[in-house]
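Chemist: First the structure, which I've put down as C-alpha cells, then a few questions once you've had a look.
The values are calculated or read from the model by the stated rules, or taken from the named source; none is laboratory data. Given the structure is predicted, the values throughout are model-derived calculations rather than measurements. Neighbour counts are summed over all protein chains in view; Cβ atoms, including those assigned to glycine, are modelled from backbone coordinates with ideal geometry.
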Amino acid sequence: MRMLFFDQVLELEPGVRMVGVKNVTLSEEFLGAHFDRRPVMPGALVVETMAQVAGWLVNHTLGFRRSALMSLVEGVALRRPIQPGDRLVVEARLLSGGLDSSLAATRAWVDGDEVASVERIIFYNHPAADECEIEENRQRWLYYGGKEANGSR
C-alpha cells in the first residue's frame with residue numbers, strides 16, 4: 001500500500017504554507033474494507049493526509065536536513081465524509097518552527113467547502129544522518145511530485 005496520501009503539490013511558500021491535493025478514487029485500497037456499501041475515507045487517513053502536507057512543508061523549509069515526525073495532533077474537526085470522486089485540497093500553515101520541533105495548522109476543502117481542519121500538529125524534526133540522507137529526502141520530494149520554491153520541477 002502506498003503510504004503517501006497526497007497526490008500533488010499545488011502551491012509552496014517555504015516557511016509559510018503549502019497546498020496539496022488528494023484525489024480520492026474508488027480504487028483506494030483502504031476503501032475496500034471501510035463501509036463497503038458507502039465507502040468513505042477513514043477519518044484517521046484524512047488527518048494523516050493533512051499531517052503529511054504539513055510535514056513535507058517542514059521538511060522542505062528545513063532543506064531536507066530534518067524529517068518531520070508527527071508527535072501530537074489537537075483540535076481535529078471532521079465536518080463531512082470524504083468519498084470516492086472527491087478532490088481533497090489541503091492547506092498547511094507553519095505556525096512556528098525550529099530545528100527540533102515545528103507547529104502547523106491545516107484545513108481541507110472539497111469543492112470549496114471546508115470539510116476538515118486540525119488546529120495544531122506538533123512535529124519532532126528528526127535530524128538526517130548525513131548528506132546522503134539529505135539527498136535521498138530531496139529526491140523523494142521530487143519523486144512525490146513536489147515542486148521547488150520557484151515552482152519548477
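Chemist: For the stretch 74-119, which residues satisfy the criterion of being of a type outside the set (A, V, I, L, M, F, W, C), under 19 Å from Val16 (Cβ atoms) and in contact with a helix residue (DSSP H, G or I) (Cβ under 9 Å, 6 or more places away or on another chain)?
Modeler: If the condition is that a residue be of a type outside the set (A, V, I, L, M, F, W, C), under 19 Å from Val16 (Cβ atoms) and in contact with a helix residue (DSSP H, G or I) (Cβ under 9 Å, 6 or more places away or on another chain), then Glu91, Arg93, Gly97, Ser102, Thr106, Arg107, Ser117 are the ones that fit.
Chemist: Among the residues of the stretch 27-46, write down those that are crowded, with 21+ Cβ neighbours inside 10 Å and in a helix (DSSP H, G or I).
Modeler: Once the filter is applied, which keeps residues that are crowded, with 21+ Cβ neighbours inside 10 Å and in a helix (DSSP H, G or I), the stretch 27-46 yields only Val46.
Chemist: Within the stretch 48-64, identify whether any single residue is touching a helix residue (DSSP H, G or I) at 6+ places or on another chain (Cβ under 9 Å) and among the polar types (S, T, N, Q), and answer yes or no.
Modeler: yes
Chemist: Same structure again: For the stretch 139-148, how many residues are surrounded by fewer than 17 Cβ atoms within 10 Å (Cβ to Cβ) and either in contact with a strand residue (DSSP E or B) (Cβ under 6 Å, 6 or more places away or on another chain) or at pLDDT 95 or above (or both)?
Modeler: 1
Chemist: I need the full set of residues from the stretch 52-72 which are assigned to a strand (DSSP E or B) and of a type in the set (Lys, Arg), in order please.
Modeler: Once the filter is applied, which keeps residues that are assigned to a strand (DSSP E or B) and of a type in the set (Lys, Arg), the stretch 52-72 yields only Arg66.
Chemist: Are any residues in the stretch 83-101 farther than 22 Å from Arg38 by Cα and in a loop (DSSP other than H, G, I, E, B), and if so, which ones?
Modeler: Gly98, Leu99, Asp100, listed by residue number.
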